[in-house]
Structure formats: C-alpha cells, structure tokens
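All remarks here apply to the structure that follows.
The values are calculated or read from the model by the stated rules, or taken from the named source; none is laboratory data. The structure displayed is predicted, hence computed values, not measured ones. When we count neighbours, we look across all protein chains shown, and the Cβ atoms used for this are built from the backbone with ideal geometry, even at glycine. Just so you know, the surface numbers come from the protein's heavy atoms only, side chains and all, with ligands and any DNA or RNA stripped out. Shrake-Rupley method; radii C 1.70, N 1.55, O 1.52, S 1.80 Å.
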Amino acid sequence: MEFVIKISQFLLSLSLLIVLHELGHFIPAKAFKTRVEKFYLFFDVKFSLFKKKIGGTEYGIGWLPLGGYVKISGMIDESMDTEQMAQEPQPWEFRSKPAWQRLIIMLGGVTVNFLLAIFIYIGMSYFYGDTFLPNENITDGLVIESTVANRAGLLTGDKILAVDGDKIETFSEISEKVLFGNDILIERDGKQSTVTMPEDFLAQLLDSKETGFISLRQPFVVIQVPDTSYNKASGLKQGDIFLGLNGVKTKYADEVKTVLEKFKGQDVSATVKRGEEEINVPLKVNKDAKLGIVVAGASTPETLETLGYYNFDVKDYSFLESIPVGLGKAKDKVVSYWDQLGAIFTPSTGAYKGVGGFKAIYDIFPSFWSWQVFWSITAFLSIMLGVLNLLPIPALDGGHVMFLLYEMISGRKPGDKFMEYAQMVGFFILIALVLFANGNDIYKAIFG
C-alpha cells in the first residue's frame, strides 16, 4: 500500500508538471498560428499507449515516462525531422515566424513552471497558513548528529545564528544554509564564534552515509516496554518522559544518551514525567548503554509546545496577504535551487555525489497521502523543472533561447545544419546527465 501511495503521488505530480510545461509551449504556438503536430505526455518511441488526432494535432500518452513533448512544425527538436527541414519553409512553421514570437514560444514552458509554483505557494499560504519555529525560540541549541559536522566544529547544543552573514530567522532554514554555506556563526555556552566549513563538506557528508545532520533537540519519550525487556518490571509506562538519571537532569534525548554511556552495566534511578506527576523508576542499563525500551521524540509541533519545549508561531493569511507571501516563497526556492546547482557544477564541493534521478524524486514523496505535502513537493519540482530547462544546453528550452537571443542581437540566424548538430550534442549531454543521476540512484540502492 505504501508503494501505491508513493507512486501515485509521484506519477500525478510529474504528469501534471509535464502537461502544463508543454501547454506553455502549445498555447503561444497556436496563438501565433504555428502548427503543432503532436502533444504527448511521456515519449512514444516506436509506439504510444494512447493517441487521438484533433484539429491537426495528435494528442497522446507514450510508454517511456522520461518527460513529454510538443512537436512544432518547422523546428529542430528531439524528433530530428530533417526531411521536413529540407523542404521550403511554410508560413505556418516555427522557422517562418519572427524571432520574438519564437522566443515567446520557447519560454512558454518555463514561464508556466514558475507561475504554477507561485500559484501553489499563494494557495498554500491562504489555505494552510504557516507554522514555523523562530530561531530565537531555540534556547538550548540543536542536535548535530553528523560526525562530519562535529569534526568541522559544530556540536550538539550549538545555536546557529547566521550563515555567511545571513541571519537565521527560522529553524527550517538552518540545514540547507549550513549545507551550502561557508562561515557559520554559532553561540556555545553564551559565547559567539565562527565555524568555517571545509569546501568539500557536502562530499564528506555524502561519503559518510550518515542519515542524521541537524535536528531539534527532543524529549526522551517511552513508546513501548517490550515483554522481553529486562526493564519490563520497572514500572515504566508508555508516554513517560525522562527528566533525569541518578540526579543528573536530562531534558533532552541526547542528554539521556550521554548519561547512559556513563552508567553502562549499572542500575540507575530515572526521574520521569507521567501526566502531571514526577516519579522515580529503577532501571538497568546494559553494557551497550541501552535500556531495552522503545523511545521516540514528540511527533508534532503541538506536542512539543504542550510539553513546554518550544514555542511555535502560527500565521494565517487573507487572500491578499497570501500573494506577497507566496511570491516570496517562490523566489526563495528559485534562489536556493540555483545555489544548489552552483554547488553541483563545482566539482570541489562534491555535491554532484548527491544528484539523484527518478528514484530520488520518488523517495521525497511520503508514504501517506497529504495534499499539503503533495502540493509543496510539486511546487518545488516545478521550480526545479523551470530552472533546469533554462540551462543553456542545446535540446533544452534554454539552448533554443540562447540561439534565438544570438539571432536577435546579431541579426544572423544559425543554419539548420548547425542547429541539427547542436541538437544532437545537447541530446547526448542530456542522456549523459540522466544516466549519471539515475546511476547515482542505483549505486545508492546497492551500496547504501
């Protein structure tokens, strides 16, 4: 069932993005009386799953789910229809239209991608509002779980105040900014200092295969005491929250783990909160510093707030208020993804090791159905698709735009033969990138 939910979200999101992107090319092409021969979701190599011709355009669904396309007459694209290009230009062909019209047609797809993301962020701001944790409300610092980050100089309990001079406003900003930042301003034991991250920090993090990085400090909450546990008769109950061990205060789970290390193989007295009471429970600590129980942190912001650990802010917006908020979120995501691309194309950072393909996209969808999460992921993927398509690689929209701008500035149109060769080069670059990204997925699946 989990697979069905995840794959349904994955396919629905990608199908929506592909159809709307291609619609962005289709509408201006039709508006400028340019013939569109095909409009396809997925690629119809050799055959299609479905097709129907309406008004001179064949609409269909291909079997190869690597994207989609519109085939515009008189345009050198992935179809490589050189036979048509060898004939005399016709007035309804792409190549016969003024450069400014061709530019609008080529920019239509990415324009729709960015507009879709903006509309989603505006809608989410209006319907869901924002629940966030102000950085100033993280009074006892963070959990820094990564040994790579520890070696760089970040430790559990540190408050992260700014990255590269940019003040941290909310908890949700921290991980991403630290991943792609250089100078981290921290506060430790009341004193401020700067930690400079190594240039290949991201590469080290990926090579370490550690799953944890930066997270909120959480309470140590008992979820279950198994029947086979050596602490079954201790009196611990589900929902108990650890407050101390042998007189040492342990407000957070990381503190409990630290204290347990000191009492390996010993008996201890745990102070736990049960409802409104504080009680003492005798426990045994095994030689591995474990208690033989199942524990977890708090699952929701409401729970953390009720327990008194953090104070979250909740903002609701009117429709008019949601417009600038949505625009701001879209802008921030574009800037963020552009920074990530910069890191990926800088070999010394090692960020390319984290590039993923379709499996990586599939994995970001949750195993439960949530429209809020679905639309949030879809908005980000729409921005990702828009930014990637603007890269000046032949065969991408950005490559066509690059040649059109050259034509408009120089007054000289690149020859059809040159465009054919450029399209082939771009196609091979794209295939290489797809193979690399999905190869990374396969490597991770095999080796972790």
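What pairs come up if the first residue lies in region 107-119 and is under 12 Å from residue 22 (Cβ atoms), the second is assigned to a helix (DSSP H, G or I) and open to solvent by 40 Å² or more (accessible area, probe 1.4 Å), and their beta carbons are under 7 Å apart, counting only those six or more places apart or on different chains?
108/27; 112/20; 112/23; 113/385
Identify the residue in region 359-371 that is closer than 18 Å to residue 117 by Cα and open to solvent by 50 Å² or more (accessible area, probe 1.4 Å) and, among all such residues, is farthest from the chain's Cα centre (by Cα).
So the residue we want is 371.
Residue-wise test of (1) hydrophobic (A, V, I, L, M, F, W, C); (2) part of a helix (DSSP H, G or I); (3) surrounded by 14 or more Cβ atoms within 10 Å (Cβ to Cβ); (4) under 25 Å from the mean Cα position of the chain (by Cα).
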{"position": "398", "(1), (2), (3), (4)": "no, yes, yes, yes"}
{"position": "405", "(1), (2), (3), (4)": "yes, yes, no, no"}
{"position": "417", "(1), (2), (3), (4)": "no, yes, no, no"}
{"position": "424", "(1), (2), (3), (4)": "yes, yes, yes, no"}
{"position": "427", "(1), (2), (3), (4)": "yes, yes, yes, no"}
{"position": "430", "(1), (2), (3), (4)": "yes, yes, yes, yes"}
{"position": "433", "(1), (2), (3), (4)": "yes, yes, yes, yes"}
{"position": "444", "(1), (2), (3), (4)": "no, yes, yes, yes"}
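What are the residues in region 260-283 that are open to solvent by 90 Å² or more (accessible area, probe 1.4 Å) and under 18 Å from residue 145 (Cβ atoms), if any?
Residue satisfying the conditions is 261 alone.
Somewhere in region 209-223, is a residue surrounded by fewer than 12 Cβ atoms within 10 Å (Cβ to Cβ), at positive phi and at pLDDT below 90?
Within region 209-223, one or more residues are surrounded by fewer than 12 Cβ atoms within 10 Å (Cβ to Cβ), at positive phi and at pLDDT below 90.
Looking at residue 139, is it β-branched (Val, Ile, Thr), open to solvent by 20 Å² or more (accessible area, probe 1.4 Å) and either touching a helix residue (DSSP H, G or I) at 6+ places or on another chain (Cβ under 9 Å) or outside any loop (DSSP other than H, G, I, E, B) (or both)?
Answer is no for this residue.
Quick check: is even one residue across region 82-105 closer than 30 Å to residue 189 by Cβ, outside any helix (DSSP H, G or I) and open to solvent by less than 60 Å² (accessible area, probe 1.4 Å)?
Among the residues of region 82-105, not one is closer than 30 Å to residue 189 by Cβ, outside any helix (DSSP H, G or I) and open to solvent by less than 60 Å² (accessible area, probe 1.4 Å), which makes the answer no.
Let me confirm something: among 187, 199, which residue is among the acidic types (Asp, Glu) and modelled with pLDDT of 90 or more?
Only one candidate passes the filter, namely 187.
Tally up the residues in region 54-79 that are open to solvent by 30 Å² or more (accessible area, probe 1.4 Å) and either of a type in the set (Phe, Trp, Tyr) or not in a strand (DSSP E or B) (or both), please.
Total meeting the criteria: 6.
Could you list, in sequence order, all residues of region 348-396 that are part of a helix (DSSP H, G or I) and within 17 Å of residue 436 (Cβ to Cβ)?
Matches in region 348-396: 349, 351, 352, 353, 354, 358, 359, 360, 361, 384, 388.
List the pairs whose first member sits in region 422-448 and is among the hydroxyl-bearing types (Ser, Thr, Tyr), whose second member is surrounded by 17 or more Cβ atoms within 10 Å (Cβ to Cβ), and whose Cβ atoms are under 6 Å apart, counting only residues at least 6 apart or on separate chains?
none
Condition check: over 17 Å from residue 147 (Cα atoms), open to solvent by 60 Å² or more (accessible area, probe 1.4 Å), at pLDDT 90 or above and not polar (S, T, N, Q). Does residue 257 satisfy that?
Answer is no for this residue.
Report whether or not residue 291 is in a helix (DSSP H, G or I) and either out of contact with any helix residue (DSSP H, G or I) (no Cβ under 6 Å at 6 or more places or on another chain) or β-branched (Val, Ile, Thr) (or both).
Criteria not met by residue 291.
Can you confirm whether region 372-380 contains a residue that is modelled with pLDDT of 85 or more, touching a helix residue (DSSP H, G or I) at 6+ places or on another chain (Cβ under 8 Å), farther than 25 Å from residue 107 by Cβ and open to solvent by 60 Å² or more (accessible area, probe 1.4 Å)?
Among the residues of region 372-380, at least one is modelled with pLDDT of 85 or more, touching a helix residue (DSSP H, G or I) at 6+ places or on another chain (Cβ under 8 Å), farther than 25 Å from residue 107 by Cβ and open to solvent by 60 Å² or more (accessible area, probe 1.4 Å), which makes the answer yes.
Tell me the residue from 96, 15, 48, 79 that is more than 30 Å from residue 412 (Cα to Cα), at pLDDT below 90 and of a type in the set (Ser, Thr, Tyr), please.
Going through 96, 15, 48, 79 in turn, the sole match is 48.
Report the residue count in region 30-53 for those that are aromatic (Phe, Trp, Tyr), crowded, with 17+ Cβ neighbours inside 10 Å and more than 25 Å from residue 92 (Cα to Cα).
Number of matching residues: 1.
So in region 165-207, with the set limited to residues that are of a type in the set (Phe, Trp, Tyr) and assigned to a helix (DSSP H, G or I), which one is nearest to the chain's Cα centre (by Cα)?
If we take residues in region 165-207 being of a type in the set (Phe, Trp, Tyr) and assigned to a helix (DSSP H, G or I), then 171 is nearest to the chain's Cα centre (by Cα).
Would you please list the contacts, defined by Cβ atoms under 8 Å and residues six or more apart or on different chains, that run from a residue in region 256-285 that is on the phi > 0 side of the Ramachandran plot to a residue that is aliphatic (A, V, I, L, M) and part of a loop (DSSP other than H, G, I, E, B)?
If the second residue must be aliphatic (A, V, I, L, M) and part of a loop (DSSP other than H, G, I, E, B), the pairs left are 265/285.
Going by the conditions given, is residue 336 polar (S, T, N, Q), under 22 Å from the mean Cα position of the chain (by Cα) and closer than 24 Å to residue 120 by Cα?
So residue 336 passes the test.
Could you pull out the residue among 350, 326 that is open to solvent by less than 20 Å² (accessible area, probe 1.4 Å), at pLDDT 95 or above and under 34 Å from the mean Cα position of the chain (by Cα)?
Exactly one residue qualifies, and that residue is 326.
Which of the numbered conditions does residue 160 fail, given that it passes all the others? Conditions: (1) open to solvent by 20 Å² or more (accessible area, probe 1.4 Å); (2) in a strand (DSSP E or B).
Looking at each condition in turn, residue 160 falls short on (1).
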